[in-house]
Every structure is written in C-alpha cells, then in structure tokens.
1. What is the one condition in (1) outside any loop (DSSP other than H, G, I, E, B); (2) crowded, with 19+ Cβ neighbours inside 10 Å; (3) more than 8 Å from the ligand (Cβ to nearest atom) that F225 does not satisfy?
2. Need pairs with beta-carbon distance below 7 Å; first residue among the basic types (K, R) and within the range 336-352, second part of a helix (DSSP H, G or I); sequence gap 6+ or separate chains.
3. Please specify each residue of the range 142-174 satisfying the condition of being within 16 Å of the ligand (Cβ to nearest atom) and assigned to a helix (DSSP H, G or I).
4. Of these, D173, D119, which one is in contact (Cβ under 8 Å) with a residue 12 or more places away in the chain, surrounded by fewer than 22 Cβ atoms within 10 Å (Cβ to Cβ) and under 29 Å from V362 (Cα atoms)?
5. Do we find that D215 is farther than 17 Å from E341 by Cα, in contact (Cβ under 8 Å) with a residue 60 or more places away in the chain, assigned to a loop (DSSP other than H, G, I, E, B) and more than 9 Å from the ligand (Cβ to nearest atom) in this structure?
6. Just one of (1) within 10 Å of the ligand (Cβ to nearest atom); (2) within 27 Å of L3 (Cβ to Cβ); (3) of a type in the set (S, T, Y) trips up Y238, so point out which.
7. Sort out which residues of the range 201-244 are among the β-branched types (V, I, T) and under 17 Å from P306 (Cβ atoms), and write them in order of number.
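Where a number appears in this text, it was derived from the coordinates with a stated rule and is not lab data. Note that the coordinates shown come from a computational prediction; the quantities given were computed from them, not determined experimentally. Heads up, the Cβs are rebuilt from the backbone with ideal geometry, glycines too, and the neighbour counts pull from every protein chain shown.
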Amino acid sequence: MYLSSRGDEVAVVDNYFRRRACTELNREPLFHVPNLHRRAALWEAVSGVTVKVHIGDVCDYPFLLEIFQQFQPEAVVHYAEQPAAPYSMMGHKEATFTITNNLISTANVIHAVKETNIDCHIVKLGTMGVYGTPNIDIEEGYLEVEHKGRVHKFLYPKTPGSLYHLTKAQDGDMLFFYCRMWDIRVTDLNQGPVYGLETAESIQHEDLAPIFNYDDIFGTVLNRFLVQAVAGIPLTIYGQGGQTRGYLNIKDTLACVELALRHPADAGQYRVFNQFVETFSVNDLARQVQEAGREMGLDIQVQNLPNPRREAEHHYYCPRHVGLLSLGLNPHYLNRTTLQEMLSKVLHYKNHIQSELVLPKVTWQSAAI
Ligand code: USQ
C-alpha cells in the first residue's frame, strides 16, 4: 500500500503462513484481517491503485520464477521468512520449517533475479538479532579487523540468540556470497523489534490494518505490553528486564524500505543497514507503558517471569545506525502521545483479548508446552 500509493507498480506474494500458524497454534491476532485478495480490492477502492496478488509459496521455485518473468520487477522486497524466534525454538517440526523456509526462499529469490534481471535490487528483511549482544559497539554490517599488522574488513561477527535469528545470519551469508559470485545487488535491513498498530495507509479502512499479534509466539514485546496493560495483566518482563534492543515504529519500517529501494545497492554490493531508531531495555518499555497508562486511568503492574529464553539480561549495547538516517529517514520516536494512541486503539478491541495467550509457553530449553 505504501509503495503503490507513491506511484510504484506493486505485486505481492503470500502463502498465508503466519495466518495458518496462528490458527493451528491457537494464537489468533487481536482483530480479524481479511484475506489478501479482499484487502487489495479494498485498497484499490480507497486509493485507486491496483496491487497484483499472487497466493503461493516463495519456496516453490517454478511459481516464483513465473511471477518474476511476468512482472519483471526492478526490485524485490523479501519478507517471506518465518519471523518468530519462539516459533523456531518449539520443536523439530518448527525448527526444520524455519531453516527450510528461510533459506530456500532466499535462494529462490536470488536465482529468480539471476534468471530474469541480474540488476533487480534485493531488499531483504534482516534482524538486529543476528549480532547478539557483544561487548563492543555493533557496526553496520561490517567490522574492520587489524590482525598481526594487517587489516581486513569482515562481515560483523554474528551471535544469534534463536534458531530464527540464526537463519537470518545464514541468509545474509548466502546473499553476500552471491554478491561476490554474480554481482547481485542486495540491501539487508537489520531491523529491531517493531511496534505499532497502524500506518498512514492502513488507517484509511479498518480492514487494511496490519496483523497485530500479542501472544507469546508472534507478538513483539511492546505490542504485548500494550495488550497486557489494557487487559489488566501484569507486564511480562522476562528475567531481570535489562535486555536492550533497537526499536522502531511500524511507520518507519515502511520509510526504511522505500529509502533502500530509491537508493539501490551497487552491483556486487551487499549493503547492510541497522534499522531501528532508538534503544530501550525491557524495563524501560514497561515503565513507559505504566506511566502512559496511568494518565489514562489504567492501573498497570509488572511481573518478572523466569526468562523462557537464553539471553543476556544485563549487557553492553551500542549499535551504530547511520545509513538510513543519512538517506533521509525522519524517525517517529516513542513518546507518551504515541503510547496513549496505541493504548486507545487496543482499548477499542479490549473484548477481543484472550488472556490465556499472554504468558510464555515456549522455552529455549525444550519443546513447547
Ligand atoms: N520480552 C520480554 N517480555 C515479553 C516478550 C519479550 O521481556 O513478553 C523480551 C525478550 O526476552 C527479548 C526482547 O523482549 O529480550 C525482545 O523480544 P521480542 O519478542 O519483542 O523480539 P524478538 O523475539 O527478538 O523478535 C522480534 C521479531 C523478529 C525480529 C526481532 C528483531 O519477532 O522478527 O527479527 O524482533 S531483534 O530483536 O532486534 O532481533
């Protein structure tokens, strides 16, 4: 919607994995979202522009190649990976699905580009989680290392904290490899956790809203806290809550993708942007939600749960993020007004909240409960 409203011709591919998984695992989103055909028709009615819809699996190479041959994209935004860290840690089925889906989809996109138009710019959704939490500053993709008097620039060392995050490190290695072999053009957007319920396009109709999960598997931390605040459930801080990450508003994710597309990587360049606008610890987020909610009459408590994940709960965190800002990103920062707007929106759906979806049921130690 964002790109088509700016004059780009857009085709989308979806196999409904996320929706199916939510249903199978009984983790329905906060509100129902119509299927993609209906949303494209609605968007056309609202905006006057057409988005072509293809239902199928990016891991099905003939299916994907045919779309590339017909549509001949100048750029492809690869959003087709399984995105949930807890899902990837549930058990063997989910682990192998995550590996297969995330790596084969990436390989297929690369090959489709090679077979149809080697200059087609691949913008891949990456994650800040590939870096882990090293005790030195995190650079944007690369690290210059001096060793025995010589200097070399390497991809920044990766220390992912879930199998999902590991596949994001592996797909990055694959893209970098093909940049060197075939001179493809790639931008990897290492995104932090996203929050928010709406964009300038989605607010034009209730049925255009992005899928909003608040459960333990697909919900991201701030979105979960908003729902917990409204439902009167103490905010679920995992462990000591010092885990610090780089966050961004869903509106900024779209601006970042657009900036990457308008300024393509060079032939053979594997370009990495760290895509977030500010860092917070889990405790910072909980405190801000508490303060914003208090002014709205919400009595919000917090609870420190045993951490279901294996991650550092107190650590150094200083990631660089200048690439997208230098291309002109104008960030939306988290503040009281934004939090209260989001809380009001969630309050609107208060009766939909299923409290039993909130507590974490997947641990990093064992299969899902
Ligand atoms: N956390 C809590 N309480 C909760 C949920 C999460 O304390 O109720 C903590 C987690 O332990 C973690 C942090 O909050 O330390 C972030 O967790 P998250 O669930 O919001 O994000 P994560 O699992 O890391 O994954 C999400 C997206 C993923 C994306 C990633 C960016 O699902 O697709 O790649 O954010 S990043 O975290 O920078 O790797």
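1. Only one criterion is unmet by F225, namely (3).
2. That search, which allows pairs on different chains as well, returns R336/A292; K350/V230.
3. Of everything in the range 142-174, those that are within 16 Å of the ligand (Cβ to nearest atom) and assigned to a helix (DSSP H, G or I) turn out to be L163, Y164, H165, L166, T167, K168, A169, Q170, D171, G172.
4. On inspection, the qualifying residue turns out to be D173.
5. So D215 fits the description; yes.
6. Of (1) within 10 Å of the ligand (Cβ to nearest atom); (2) within 27 Å of L3 (Cβ to Cβ); (3) of a type in the set (S, T, Y), only one is false for Y238: (2).
7. V221, I233, T236, I237
A quick yes/no check of all residues on (1) closer than 19 Å to Y164 by Cα; (2) part of a helix (DSSP H, G or I):
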position: N102; (1), (2): yes, yes
position: S105; (1), (2): yes, yes
position: H111; (1), (2): no, yes
position: K114; (1), (2): no, yes
position: K124; (1), (2): yes, no
position: G132; (1), (2): yes, no
position: I136; (1), (2): no, no
position: E140; (1), (2): no, no
